[in-house]
1. Scan the stretch 81-89 and tell me whether some residue there is among the small types (Gly, Ala, Ser) and at pLDDT 95 or above.
2. Residues in the stretch 124-139 that are open to solvent by less than 10 Å² (accessible area, probe 1.4 Å) and touching a Leu at 6+ places or on another chain (Cβ under 8 Å): how many?
3. Given the conditions (1) at pLDDT 95 or above; (2) open to solvent by 20 Å² or more (accessible area, probe 1.4 Å), which single one is not true for residue 121?
4. Inside the stretch 44-54, can you point out the residues that are open to solvent by 30 Å² or more (accessible area, probe 1.4 Å) and either aliphatic (A, V, I, L, M) or touching a strand residue (DSSP E or B) at 6+ places or on another chain (Cβ under 6 Å) (or both)?
5. Hey, can you tell me all the residues within the stretch 117-145 that are in contact (Cβ under 8 Å) with a residue 60 or more places away in the chain, under 9 Å from the mean Cα position of the chain (by Cα) and in a helix (DSSP H, G or I)?
6. Collect the residues in the stretch 91-108 that are among the acidic types (Asp, Glu) and either touching a residue at least 60 places away in the same chain (Cβ under 8 Å) or touching a Ser or Thr at 6+ places or on another chain (Cβ under 8 Å) (or both), keeping them in residue-number order.
7. Considering only residues that are assigned to a helix (DSSP H, G or I) and open to solvent by 50 Å² or more (accessible area, probe 1.4 Å), which ones fall in the stretch 55-70?
8. Restricting attention to the stretch 100-116, which residues are under 10 Å from the mean Cα position of the chain (by Cα) and over 15 Å from residue 172 (Cβ atoms)?
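The values are calculated or read from the model by the stated rules, or taken from the named source; none is laboratory data. Note that this is a predicted model, so its numbers are computed, not measured. Because the Cβ atoms are built from the backbone with ideal geometry, glycine has one as well, and the counts that use them run over all protein chains shown. When the accessible area is computed, the model is the full protein with side chains, heavy atoms only, and any ligands, DNA or RNA have been set aside. Shrake-Rupley method; radii C 1.70, N 1.55, O 1.52, S 1.80 Å.
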Amino acid sequence: GLDEGDEVVVHGAFKLDSALQIVASPAMMLPEPELVVPEVPACFGGMATTLVAAYLPLQSALAGDDEATARAAARELRLAFSDHCLEAIPDLVAASSAVVSAEGLEGMRTAFQPLSDTLWLMIEQVGWQGEQPLRRFHCSMAFDNAGAHWLQHDATTLNPYWGAAMLRCGGEVASLT
C-alpha cells in the first residue's frame, strides 16, 4: 500500500504508539478486540437511562477507590438488572453479577470492564434518551496495557480502573446525545 516517495517510520514507532495511547487514540501495535453485540430486546430502550443511573455510582466509587461504596453500588446495579426484560440478556446479567461477587477492589475493576462494554454496545443500538450526554472513555494502560472502556456523563476523565493512582489516565472516545 505504499507509493514511491511515501514516508515511513523506521525508528520511534513504539514512541509514536505510546503517544497515541496516552491520548486514548487506537494503538497501532495492540489493536482493540472486536466485541460481540448481544441481541437487544425491545424493552431495553426504555430502561437505558435507569440502568446508566445505577451504573454511574459504581463507576464513581471505583474511580474514588471506595470499595464499600462500590460494593453497595454493585448490589444496587444488580437489582436494576434483575428486571424480567434484562433476564433475556444473559451477558449483561452475568457481568453485573460478576461485579457483585468479585473479591476486593481489583476484582471489581476486572469485572467492571465487560459490564461497561456490553452496556455501551446495547445503548448504542437503541439510542440514548438521557438528558446528559453519555460518554465512553478509554484507558489504554488498564489491565497491563490491554486497555478498557467505561461510561460517564462528566467530560473530565475519572478512571475507575486506576482510581487515585492515575485518575486522569485516558480520555473520551465516543459520546451519545
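1. No, the stretch 81-89 contains no residue that is among the small types (Gly, Ala, Ser) and at pLDDT 95 or above.
2. Going through the stretch 124-139 one residue at a time, the tally reaches 2.
3. Status for residue 121: all satisfied but (1).
4. Narrowing the stretch 44-54 to residues open to solvent by 30 Å² or more (accessible area, probe 1.4 Å): 46-47, 49-50, 53.
Matches in the stretch 44-54: 47, 53.
5. Passing the criteria: 117, 118, 119.
6. Matches in the stretch 91-108: 91 only.
7. Across the stretch 55-70, the qualifying residues are 57, 60, 67, 68, 69.
8. Restricting attention to the stretch 100-116, the residues satisfying the condition of being under 10 Å from the mean Cα position of the chain (by Cα) are 112-116.
Hits for the stretch 100-116 are 112, 113, 114, 115.
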